[in-house]
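Structure first, then comments.
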Amino acid sequence: MGEPIEVALRASSIEYAIRDVVVPAVELEKQGHEIIRLNIGDPLAYPGLPTPDHMIAAYKAALDNQDNGYGPSYGIPALRQAISNSEIKKGWNCTEDDVYVTHGVTEALQIIFAAFLQDGDTVLAPGPHYPPYMAYPQMYGASTVEYRLDPNNDWRIDLADIEEKMDDSVRLLVLINPNNPTGNVATIEEIDALLKISSNWPKCTIISDEIYDGLDFTGSLVSVASRSTNVPVITLNGVSKVYFAPGWRIGYMAWHDPSGVLELVRDGAERLLRSRLCASTPAQHGYLAGLSEDLNWLDGHRIRVKERLDYSLKRIDEIEGLECQSPGGAFYLFVKILDESIPDKQWVLDLLHKYHVLVVHGSGFSPEFGANHFRMVCLPPIDVLEQAFSRIDKFING
């Protein structure tokens, strides 16, 4: 056997905790064990939360009509216009030309990072946060610095920590709202304070990841772009979570540039979008139907998600050894493990091997701010959640 070919560091150093923990779970399933999977935020993995019929019909109609070809690199015009209309309703002047359709929010992030970041640049992201915000910037010579979310105050933004960590190297300041994994929803006051801080650093653009905006249970969520009069904001959203179609891989980025400072990086982003051709054409038609038709169906889905969240919080409160802040949105719980004698990743693996419940270690969302926690998805039906919590209770308390 010859010498192994070396892997590029940018690939070998990537970690994605949400799917990495699946590897040992799959091995257990091969041995005949049934695993309760609470690790991944896929609504279609559980009954009762289907993709709406009218969206599926539009997707199928595109296939039947042979609308399968390459589409425009920035997205089909009707969808871009529908997205701009939805953003206008959130309070800012978004045009069709401000919208770019991507292969999910993940590709939007890759495009943004590639257009903005160079060696020595910094991305300032919340801790805890969705793993790609830590994984991807390093591919472009940049690094991610985390600002603190307060675990003792509903995971509120630590604005003083942001101010302390801001400098000229910060090109992108990230807000995930509602947050994954904690579920906190930023208040208007927090958003305005964050914009005020950013306005002092002219090289900084805000990324506002609002993929869970339709699953806000506080009634107070606002668009970050709608609050900004001078700071550039790139809003991220898509079909995966609120429209319950994650496998379609359709997202978008909407660029709000009130001071006209993004011309050069926008040109770079457009070049990258053209070079990768286009997002899925039939899936875009499905998303268009979701944006264009009545959203009353979402009420039922939202009620079911909230019932499952509330049940999970009640059960956690009954289990000695666990604590959890009540989330303001999304469908996750970020649960504190009170016994800190075992690293959270080992705790998660022990739970998996002994009681066949799969959750994600908190340190996978932030080594500093997520340690001694685990994230669980509250999407399964209550009878499945009941079984999972019974196993977790036995694991902790015997």
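Please treat every number below as a calculation from the coordinates, not as lab data. Everything numeric here is computed off the predicted structure, so don't read it as measured data. Neighbour counts are summed over all protein chains in view; Cβ atoms, including those assigned to glycine, are modelled from backbone coordinates with ideal geometry.
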Based on the mean of other beta carbon atoms within 10 Å per residue, what is the order of 251-262, 24-35, 383-394, most packed first? 251-262, 383-394, 24-35
Explain nothing, just the number: relative contact order of region 265-396, from Cα pairs under 8 Å at least 6 residues apart, as a whole percent. 22 percent
Whole-Å distance, taken between Cα centres, linking region 384-398 and region 268-336: 25 Å
Degrees separating the helix 281-292 axis from the principal Cα axis of the chain, which is the longest one: 90 degrees
Mean separation of Cα contacts under 8 Å, 6 or more apart, over the residue count of the chain: relative contact order %: 24 percent
Which of F365, F331 has the fewest other C-beta atoms within 10 Å, and how do the rest follow up to the most? F331, F365
quick note, region 53-292, DSSP beta bridge pairs, % antiparallel (nearest 5) is 40 percent
GNM of the chain, Cα pairs under 10 angstrom: of A225, A193, A245, the biggest fluctuation goes to A193
Under 5 Å from the placed amide H of I207, counting only residues 5+ away or on other chains, we find L173, V174, L175, I234
Whole-Hz couplings from phi, Karplus 6.51/-1.76/1.60, listed for region 56-62; x for Gly and Pro: 5, 4, 5, 4, 4, 5, 4
Could you list V101, V23 so that the one with the fewest beta carbons within 10 Å of its beta carbon is first and the one with the most is last? V23, V101
Once the Cα atoms of helix 104-116 and of the chain are each reduced to a long axis, what angle between those two axes, in degrees from 0 to 90 to the nearest 10, is obtained? 60 degrees
With label points set 7 Å from each Cα along the Cα-to-Cβ direction at I303 and E3, the distance between them in nm comes to 6.7 nm
Efficiency by 1/(1 + (r/R0)^6): what FRET value for Y70 and L338, r their Cβ-Cβ distance, R0 = 56 Å, to the nearest 0.05? 0.55
Mind giving me the nanometre distance, one decimal, between the label points for N230 and E29, set 7 Å out from Cα along Cα→Cβ? 5.3 nm
For the Cα atoms of the chain, what angle does the longest principal axis make with the long axis of helix 344-355, in degrees from 0 to 90, nearest 10? 60 degrees
Under Karplus coefficients 6.51, -1.76 and 1.60, residue-wise ³J(HN,Hα) of region 319-330 in Hz, glycine/proline x: 9, 5, x, 10, 9, 7, 6, 6, x, x, x, 6
May I ask you to evaluate 6.51 cos²θ - 1.76 cosθ + 1.60, the Karplus curve with θ = phi - 60°, for each residue of region 78-84 and list the ³J(HN,Hα) values in order in whole Hz, giving x for glycine and proline? 4, 5, 4, 5, 5, 5, 4
Residues with amide H under 5 Å from that of N180, placed H, sequence gap 5 or more: Y130
Greater than 20 Å separation of Cα atoms is the criterion. Which listed pairs, K306/K354; K203/K241; K60/K306; K165/K203; K30/K354, meet it? K306/K354; K203/K241; K60/K306
Given the Cα atoms of region 53-292, and with Rh set as the inverse mean 1/r over their pairs in the Kirkwood sense, what is Rg to Rh to two decimals? 0.96
